[in-house]
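**Student:** Quick one: structure below, then a few questions.
No lab work stands behind these numbers, since they all come straight from the coordinates. Since the structure is predicted, the reported quantities are computational estimates derived from the model, not experimental observations. With ideal geometry, Cβ positions are generated from the backbone for all residues, glycine too; neighbour counts draw on all protein chains shown.
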Amino acid sequence: MSGFIEGENRTQATLFPEQLDEYVTEENPVRVIDVFVDELDLKSLGFKTSPEDTGRLGYHPATMLKLYVYGYLNQVQTSRRLEREAQRNVELMWLTGRLAPDFWTIAEFRKNNGPAIRKVCREFVLICRKLELFTDAFVAIDGSKFKAVNNRDRNFTKAKMKRRLEQLDASIARYLSQMESADRVDEQRYKQKSERLKDKIVKLKEEIKRLQELEKEMLAAPDKQLSLTDPDARSMKTSGRGTGIVGYNVQTAVDTKHHLIVAHEVTNTCHDFTQLSKMAKQAKAAIGAEGLEVVADRGYFEGEQILACDKAGITTYLPKPQTSNNQAKGLFGKRDFHYVAEDDEYRCPAGERLPWRMTTQERGKTLHRYWSSNCQTCSMKSRCTTSKQRRVSRWEHEGVLEALEARLDKEPERMRVRRQTAEHPFGTLKAWMGSTHFQMKTLNRVRTEMSLHVLAYNLKRVINILGVRPIIKAVQA
Ligand code: SF4
């Protein structure tokens, strides 16, 4: 006796029990994956469920899908690692019936079944809805930047290209001046040095030529940007000052009660202000509620987007960004002017009436203008405007924004809920990805990859909330 717990002898005859099933407990999450995929109508989701008439027999999409869902749930996302796991992992042996496809087959399945895989993710949200996990009908919308396969050096914007060309020109100038000032006393050394510098200059000139060719390609692109490895990836600013990545902007609508991702979208737009209504409408459809409450940060504040939500029966909570030039100069802000709806006029801090004067069109928006005739003689003018008179603009649907402001004033804690909700899924997903980039290239394939991440996240959350057996019961119901 060694005095420690001892393992079995390797050469013992019955290492495996009679049934593989005995290795997988009743509470093992792998059982949820098995039942969930088996209950899906794979054909209607777009998977090819009938075998080819000719050629080698292929793997059933259910087997491949189980393999991927298991992989993303256990942070095994690459096809090569999945191939290895399928050969040695008992849970995967149980799940796939000891089938172990090669990495190429695994990779091809993800590549060729993008739209269907994305629908599978939505199917799980429907199960969550059936389990009444979205009863609050309140979601937080947020976006986060995820790295693409594309290295920063292989992405070009106008500013980056200008900077790189300037750096190359500066390097050439430096080498030329080094050549001129080189010591010519030692003939042999001078020759060697000038040869070396000439070689460097030739290489730099070749690089300039290459960049100039790329510049032409870049300027021909609609958004004047070029990514060489993943053509859809875009340069994006991140929250850290002076930091940025080349990647994608992932949008999520997260249920505030259980932190489940109700809807998600991958875009390559660098900003969030065109995303609010699209994400909110997707979330509303996924939850299937009559009305929906949505909270988001100030990056989403855009009049038309808020109006679209309002028309769709979605109540929004988001703060207005402080972009007023007047306030930055220490002058009265728009909030200091009170709108009197019945008279269609504003009252200024000096108590003067600012009646309607004219209506204009600006960037597709109808704006009404209001001003007073008494500004010139006003004692508060130095705190109000540097112009002849203070003019106040009002968007034709400004009432929707005022109602939003009043709602948020009444319930400021909604913003705290936003922070607590939105950060959880992104933090988890990034930890699972291991701060690395997406495995796939181009927007559509990255969308598929994100759907697998979201499905795995939601699965894990629901298993943590309800346990394995209730989910299996709900899926089979
Ligand atoms: S400057 Fe004009 S708008 Fe401003 S407080 Fe005076 S009267 Fe009112």
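**Student:** Which entries of Lys48/Lys441; Lys147/Lys441; Lys162/Lys205; Lys43/Lys130; Lys334/Lys381; Lys43/Lys119 have Cα-Cα distances beyond 19 Å here?
**Tutor:** Cα-Cα > 19 Å for Lys48/Lys441; Lys43/Lys130; rest within.
**Student:** If you find the alpha carbon centre of the stretch 211-255 and of the stretch 387-460, how far apart are they in angstrom?
**Tutor:** Cα centroid of the stretch 211-255 versus Cα centroid of the stretch 387-460: 19 Å apart.
**Student:** One-quarter of the Cα convex hull surface for the stretch 115-269, in nm²? Before the final figure, lay out the partial values.
**Tutor:** Values: hull surface 55.2 nm².
If you wrap the Cα atoms of the stretch 115-269 in a convex hull and average its projections, you get 13.8 nm².
**Student:** Give the average over all directions of the projected area of the C-alpha convex hull of the stretch 152-227, one decimal, in nm².
**Tutor:** Working: hull surface 21.2 nm².
Reported value for the Cα convex hull: 5.3 nm².
**Student:** With equal scatterers on the alpha carbons only and no solvent term, can you work out the Debye log10 of I(q)/I(0) for the stretch 6-147 at 0.15, 0.17, 0.19 1/Å?
**Tutor:** Reported log10 I(q)/I(0), two decimals: -0.90, -1.08, -1.25.
**Student:** Right, next: Amide H of Thr269: which non-local residues (sequence gap of 5 or more, or other chain) have their own amide H closer than 5 Å, using H built in the peptide plane?
**Tutor:** Placed amide hydrogens put Asn249 under 5 Å from Thr269.
**Student:** Have a look at Ile287, Leu57, Gly330 and report the one farthest towards the positive end of the charge dipole of the chain, computed about the Cα centre with Cβ charges (Lys/Arg +1, Asp/Glu -1).
**Tutor:** So the residue furthest toward the plus end is Gly330.
**Student:** Would you order Arg84, Arg122 from fewest to most other beta-carbon atoms within 10 Å of each residue's own beta-carbon?
**Tutor:** Arg84, Arg122
**Student:** What shape does the chain take by its C-alpha gyration tensor, where a ≥ b ≥ c are the square roots of the eigenvalues and a/c under 1.5 counts as rounded, a/b above b/c as prolate, and the rest as oblate?
**Tutor:** oblate
**Student:** Also: Would you mind ranking Arg416, Arg129 by Cβ crowding within 10 Å, fewest neighbours first?
**Tutor:** Least crowded to most crowded, the residues run Arg416, Arg129.
**Student:** Provide the per-residue ³J(HN,Hα) series for the stretch 35-41, in order, calculated from phi with Karplus coefficients 6.51, -1.76, 1.60 and θ = phi - 60°, each as a whole number of Hz, with x at glycine and proline positions.
**Tutor:** Along the stretch 35-41, the couplings run 5, 4, 5, 5, 7, 6, 8 Hz.
**Student:** Using the count of nearby Cβ atoms within 10 Å as a rough guide to exposure, how do Phe4, Phe273 rank from fewest to most?
**Tutor:** Working: Phe4 6, Phe273 15.
Ordered from fewest to most neighbouring Cβ atoms within 10 Å, Phe4, Phe273 come out as Phe4, Phe273.
**Student:** Given H placed 1.01 Å from N in the peptide plane, which residues other than close sequence neighbours of Glu345 have an amide H under 5 Å from its amide H?
**Tutor:** The list, which skips near neighbours in sequence, is Val340.
**Student:** So, one more: Once Rh is set to the Kirkwood radius over Cα pairs, what Stokes-Einstein translational diffusion coefficient, in µm²/s, holds for the stretch 80-192 at a temperature of 37 °C and a viscosity of 0.692 mPa s?
**Tutor:** 151 µm²/s
**Student:** State, as an integer percentage, the relative contact order of the stretch 313-446 based on alpha-carbon contacts under 8 Å between residues 6 or more apart.
**Tutor:** 19 percent
**Student:** What's the local net charge at Thr323, with K and R +1, D and E -1, over the other residues with C-beta under 14 Å away?
**Tutor:** +4
**Student:** In whole percent, what relative contact order does the chain give with Cα contacts below 8 Å and a gap of six or more residues?
**Tutor:** Taking the mean separation of contacting Cα pairs over the length of the chain, I get 20 percent.
**Student:** Hey, what number do you get for the chain at 222 nm if only DSSP H runs of n ≥ 4 count, each worth -39500 (n - 2.57), divided across all residues, to the nearest 500?
**Tutor:** -15000 deg cm²/dmol
**Student:** What list of ³J(HN,Hα) couplings, whole Hz, do you get for the stretch 106-119 from phi and the Karplus terms 6.51, -1.76, 1.60, once you set θ to phi - 60° and write x for glycine and proline?
**Tutor:** 5, 5, 4, 4, 5, 5, 8, 10, x, x, 5, 5, 5, 5
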